[in-house]
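Structure, as structure tokens:
The values are calculated or read from the model by the stated rules, or taken from the named source; none is laboratory data. Because the structure is a prediction, the values reported are computed rather than measured. Cβ sites come from the backbone with ideal geometry, for glycine too, and all protein chains shown count toward neighbours. These accessible areas exclude ligands, DNA and RNA; they are computed on the full protein's heavy atoms, side chains included. Shrake-Rupley method; radii C 1.70, N 1.55, O 1.52, S 1.80 Å.
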Amino acid sequence: MQGIILFAVLASTYLMLIAKRMPALIRSFRYQSFCLFLATLLIALSERQLDLYIISGLLFILKVLLIPQLLYRILRRTNTKEDLGLFINPQLSLLLALVFSYLSWIFAAHLVTPVKEIQISILAVTFFIILAGIFLMIFRMTALAQITGLLVMENGLFLLASAVSGGMPFFVEIAIFFDVFMSVLIMGFFVYKISKLFTHIDVNKLSRLRG
Amino acid sequence: MQIFIILGIPIFLSLGAFIFGKKRFFGIINCSGYLAILCCSLILFKETVFTGKTKEFFGFIYLDALSAFFILVISVVAFAAALYSIGYIRKDIQRGVITESKARVYYLFFNLFCLSMFFVPALDNLGMLWVAVEMTTLISAFLVGFYNSKESVEAAWKYIIICSVGIIFALLGTILFSYAFSISGLTKSLNWSEITPVAHILDKNILKVAFIFILVGYGTKAGLAPMHTWLPDAHSQAVAPISALLSGVLLKTAIYAILRFGIIIIKSVGFAYFAHLMILFGAISLVISSGFILVQKDLKRLLAYSSIEHIGIIAIGFGLGSPLAIAGALLHIFNHAVTKSLMFFGAGNIVSAYKKHNMHAIRGVIKALPFTGMMLLLGCFALTGFPPFSIFISEIMIIIAAFTNGAYFIGALLLLLLAVIFGAFIYHFGRMLFGNLPKSMSAAGEPFSGKLAFLFLLFLICALGISLPFMNKDTLWIFQQLLHG
């Protein structure tokens, strides 16, 4: 079961990397978050801890329902083009994604010395998700895509935390959720401001401050 | 007990700002609140540093000499910034740059920002530490984008995005630390006070990787090159008192986070690993910033790059690791915070009088703003490490430590780059401060509260430059113990 969910997470991340338009990116982000929710719910069911139920519930509410909805809303309100402003086209992105997956596998295998297959695959997937997030932030030029990239990285970290150390302490986890939600709200606020002042949200064209 | 007053006052003040923020007297209330915080943190400093005691509350707050020192630095700069804000914000309202309800927003975020910074050194849990550092970014982004111009919104966006990505790496590092702790077979915890005593049994391989992530993550926030790119933008666009807070203490809170993890690393992997990384990043910061300082045109960006330079010096100081170097680095944290705040206040006065940042277009500051000009002249010498002022003492401590440790190359590099930066600063400020006044300008008065803030900071700069009241052999060893245990 774990393997299937890991595969689904991986697939949704690949979908994000080849997405050309913003709604597709947000939809894939929703899939990814939903897979994470399933994973935590499974752990919660097997361990029967109240903390884990609460965390998976919060994950569902925030990352599957609220945050994607918020992103859609910003997208509609800013009235900008839905293109992501690709620096690298989908085919090349896909190739790079394959390279990333391989690299993160090697890194994970290097990090865990007593070789356990499932641990290594979880680590490899999380590192891949983090790399994918960085990739989205660097090579997609709209402000909204950058927010999504950040959220993807955060998802990767969440998976890592729950996989390797059995999750962070409960109240830290809650605080981090709160923090992520706040940061999306605040970044969304700045996206509004950028679109109002500059009439676009292409961060590549933000170049007034240099040197 | 004092810590609850320190954390409580900003909460009440931010509530107060929400209700009375539009009123003129609120600035004074705000400032007196920070005076109270300053007194409390002095008491806290006295209690923890001289006795070496640690304090714990509810397994949530943990205070030792290091935390008390950082809380003191934050409260000094926060007090000065609150004092300076009174006149600065009132003037902005009078000139019509901001409305009165915007002043309310300013005071609200000012207090929330200070609150989040006070939390950073007080927390025991490394995960909560991360949350607090991220909170400082999110809140201060509003203060960077405060003026709503194209430049300031761009700066705020870059600031929030680059720092958030950086800090995500720090979270990755934190998770790896907790992983190392959990596979050692001990009970699950992220409390620093519980991890440190058992640091030597943790998996060294994982800790090494984790510390790289920590250093890159919090290093982004601290402004270590090459992750510094947000810093000049944010510092140059923020409201002047906030620039002082950003440069003076926000960067230092990130250094604090690095030190906390560094102590675990030193106990587990050994000092050399920590030292090499810190010296490497410190040296890169120094080299890059000195280049940008030489060719800089924008006044506030000049000061921002100077912050990167000083962060580099601090990192080198901690990397050298002898008692003298650590004392020098800690002292430098304080000295840089007060000196740089003074410079940013001065730059704020210049920018609001001349309405431009470009140093080539600013002339005759001493004639236009006699008091500010004088203070900036003194501050410029203080910042570049001229003898009667405090930065000279801390820099010479670090340089002596470099040579006595046998790190001749680092010592020579420091001396060379400091000389270059000294030349560049004297050149830039000499042209700005002296020369003929533009015809459209005349000498203007300055608000009393602003002057008080300058005098308060100048007093600290001179006092620590002339005598080191807290520095004797015992305290040197306390500093040594902080890092090496």
May I ask for the longest run of chain A untouched by trypsin sites (Lys or Arg not before Pro) that are loop-located per DSSP and have at most 16 neighbouring C-beta atoms (other than their own) within 10 Å?
A:117-207
Just need log10 I(q)/I(0) for segment B:284-485 at q = 0.13, 0.16, 0.17 Å⁻¹, Debye formula, equal scatterers on the alpha-carbon atoms, no solvent, rounded to two decimals.
-0.70, -0.99, -1.09
Report the calculated FRET efficiency for B:Ala444 and A:Phe107 (r = Cβ-Cβ distance, R0 = 45 Å), to the nearest 0.05.
0.15
Given a 1.4 Å probe and the protein chains all in place, what does the accessible area of B:Val420 round to, in Å² to the nearest 10?
50
How large a share of the accessible area of the protein assembly as shown, in percent, is made up of carbon and sulfur atoms when the probe is 1.4 Å and the other protein chains stay in place?
69
In percent, what relative contact order does segment B:284-485 have, based on Cα pairs under 8 Å that are 6 or more apart in sequence?
29
Over the protein assembly as shown, volume per residue of the alpha carbon convex hull, in Å³
146
Given +1 on the Cβ of Lys and Arg, -1 on the Cβ of Asp and Glu, and no further charges, what dipole in debye does the protein assembly as shown carry about its Cα centre, rounded to the nearest 20?
2180
With point charges of +1 on the Cβ of Lys and Arg and -1 on the Cβ of Asp and Glu, referenced to the Cα centre of the protein assembly as shown, which listed residue (A:Ala163, B:Gly328, B:Ser116) lies farthest in the positive direction of the dipole?
B:Ser116
Please arrange B:Phe181, B:Phe403 by accessible surface area, largest first, computed with a 1.4 Å probe and ligands excluded.
B:Phe403, B:Phe181
Separation between the A:Arg208 and A:Lys20 pseudo-spin-labels, each 7 Å from Cα along Cα→Cβ, expressed in nm?
3.4
Summing -39500 (n - 2.57) over the DSSP H runs of n ≥ 4 in chain B and dividing by its residue number, what mean residue ellipticity at 222 nm do you reach, to the nearest 500 deg cm²/dmol?
-26500 deg cm²/dmol
Relative contact order %, segment B:365-439, counting alpha carbon pairs below 8 Å whose residues are six or more apart
37
What distance in nm separates the two pseudo spin-label positions at A:Leu86 and B:Phe409, each 7 Å out from Cα along the beta-carbon direction?
4.5
For chain B the mean separation of alpha carbon contacts under 8 Å (6+ apart) over residue count, i.e. relative contact order in percent, is 15
Net charge dipole size for segment B:284-485 [Lys, Arg +1 and Asp, Glu -1 on Cβ; Debye, nearest 20]:
800
For segment B:50-122, what number results from the quotient of the Cα radius of gyration and 2.2 N^0.38 Å?
1.48
Give the dimensionless ratio obtained when the Cα radius of gyration of segment A:2-205 is divided by 2.2 N^0.38 Å.
1.03
How high is the FRET efficiency between B:Ser101 and B:Glu194 when r is their beta carbon distance and R₀ equals 56 Å, given to the nearest 0.05?
0.75
Taking a straight Cα-to-Cα line shorter than 20 Å from B:Lys204, and setting aside same-chain lysines fewer than 8 residues away, one finds A:Lys116, B:Lys188, B:Lys267
So which aspartates and glutamates can B:Lys53 reach, going by Cα to Cα under 16 Å and dropping same-chain residues fewer than 8 places off?
B:Asp64, B:Asp124, B:Asp474
In debye, nearest 20, what is the charge dipole magnitude of chain B about its Cα centre with +1 on Lys and Arg Cβ and -1 on Asp and Glu Cβ, if you could check?
1260
Assuming R0 = 45 Å, what is the FRET efficiency of B:Phe18 and B:Ala361, from their Cβ-Cβ distance, to the nearest 0.05?
0.70
